[in-house]
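The values are calculated or read from the model by the stated rules, or taken from the named source; none is laboratory data. All values derive from a computational prediction rather than experimental measurement. Using ideal geometry, Cβ is built from the backbone for each residue, glycine included, and neighbour counts are taken over all protein chains shown.
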Amino acid sequence: MARPRIGVDLGGTKVEITALGPDGAELLRRRIVTPRGYAAIVAGLAELVRQAEEELGETGSVGVGIPGTISPATGLVKNANSTELNGRPFDRDLAAALGREIRVDNDANCFALSEATDGAGAGARVVFGVILGTGCGGGIAVDGRVLPGRNRIAGEWGHNPLPWPKPEELPGRRCWCGQCGCIETVLSGTGLAMDCDGPEASDAAAVAARAAAGEARAGAALARHAERLARALAQVVNLLDPDVIVLGGGLSNLDHLYSAVPPLLARHVFSDVCATPVLRNVHGDSSGVRGAAWLWPG
């Protein structure tokens, strides 16, 4: 009998764990506050897995999604906004704590894998998963497997420049990565809020609520955001031509994106036809943790 797949999603404020049966049915789910400090994170995740396996009555495979990636050059975490992980051999340390092999991947890759396996992209060969939240990430799943890329950065569309920029969009905001004008600076929740209300703003949900109440300034900001998203996704279609694009993260709950973006997308795609669907995710904020579990295929 197949053993359960255990997935862990390590975020900056919370850690979520789930266990999936062979058919993808959820066997358990727990959340804890993310421990403070690297050693505490490793110990906390190991204990969370042990508690889950005690409840299940058997051991399972373990996959972990992190807000960064493992460098193929050093074997250490890089590009993590949970900075305690950067420069650490996280996968090796957690494997040692558990006494077995584990699999670790970027959280956006896990999202894409989840939606490709049994979510909005199920049955599609090439799925591009988008995270529109505090940051702006992406992942690629091909034939039900994550496509990591040689440098382990496949899908990192948020740190490319916004394509076809307008004069008022140049030179663009400085990004935390050190570049200027990154897609993340305008399409993230913070980017949307700042576009509407200035450099100190951060509440994208308030912008959406005000637009729904009829505020013209907020409505205009949402329209600019949708048009910029279409430009950014057109660049992905021109390069990757995925079968489906699935949106995740907090901004994926903006209903207008699914009607506004596809026709805008077609204007920038280098083709006489653009039939690429832009879909809302199926598994919500549990998609990442489910994708971590699916890092171990059947």
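Annotations
- The residue that is surrounded by the fewest Cβ atoms within 10 Å (Cβ to Cβ), counting only those in segment 178-189 that are in contact with an Asp or Glu (Cβ under 9 Å, 6 or more places away or on another chain) and under 13 Å from His225 (Cα atoms), is Gly189.
- If the condition is being within 21 Å of Ala112 (Cβ to Cβ) and in contact with a Cys (Cβ under 7 Å, 6 or more places away or on another chain), then segment 161-201 contributes Cys182, Ile183, Glu184, Leu187, Ser188.
- Taken together, Leu85, Leu76, Leu113 contain a single residue that is of a type outside the set (Ser, Thr, Tyr) and within 17 Å of the chain's Cα centre (by Cα), which is Leu113.
- Tally, over segment 1-42, of residues that are among the basic types (Lys, Arg) and farther than 20 Å from Asp91 by Cα: 4
- Qualifying residue in segment 157-169 (condition: under 20 Å from Gly68 (Cα atoms), part of a loop (DSSP other than H, G, I, E, B) and either of a type in the set (A, V, I, L, M) or not assigned by TED's automatic domain parsing to the domain that holds Gly75 (or both)): yes
- Gly198 passes every criterion in (1) under 22 Å from Ala141 (Cβ atoms); (2) surrounded by fewer than 19 Cβ atoms within 10 Å (Cβ to Cβ) apart from (1).
- Screening segment 135-152 for residues that are of a type in the set (Lys, Arg) and in a loop (DSSP other than H, G, I, E, B) and picking the one that is farthest from the chain's Cα centre (by Cα) gives Arg150.
- Filter result for Ser286 (of a type in the set (Gly, Ala, Ser) and assigned to a helix (DSSP H, G or I)): yes
- Of residues in segment 250-261 being in contact (Cβ under 8 Å) with a residue 60 or more places away in the chain and crowded, with 19+ Cβ neighbours inside 10 Å, the one farthest from Gly135 (Cα to Cα): Ser252
- Per this entry, Ala193 is counted among residues that are part of a helix (DSSP H, G or I) and small (Gly, Ala, Ser).
- Only a single item in (1) on the phi < 0 side of the Ramachandran plot; (2) not assigned by TED's automatic domain parsing to the domain that holds Gly248 is not met by Gly129, and it is number (2).
- You will find that of Ala234, Ala260, Ala216, Ala266, the residue that is small (Gly, Ala, Ser), in the same structural domain as Cys175 (by TED's automatic domain parsing) and touching a His at 6+ places or on another chain (Cβ under 9 Å) is Ala234 and no other.
- Boolean, Leu264 is surrounded by 20 or more Cβ atoms within 10 Å (Cβ to Cβ) and aliphatic (A, V, I, L, M): no
- Qualifying residue in segment 287-297 (condition: in contact with an Asp or Glu (Cβ under 7 Å, 6 or more places away or on another chain), over 17 Å from Glu156 (Cα atoms) and modelled with pLDDT under 95): yes
- Residues within segment 164-190 that are out of contact with any strand residue (DSSP E or B) (no Cβ under 8 Å at 6 or more places or on another chain) and within 27 Å of Ala216 (Cβ to Cβ), tallied: 9
- Any pair with Cβ under 8 angstrom, 6 or more apart, that starts in segment 277-298 at a residue that is of a type in the set (S, T, N, Q) and ends at one that is modelled with pLDDT under 95 and part of a helix (DSSP H, G or I): Asn281/Ser287
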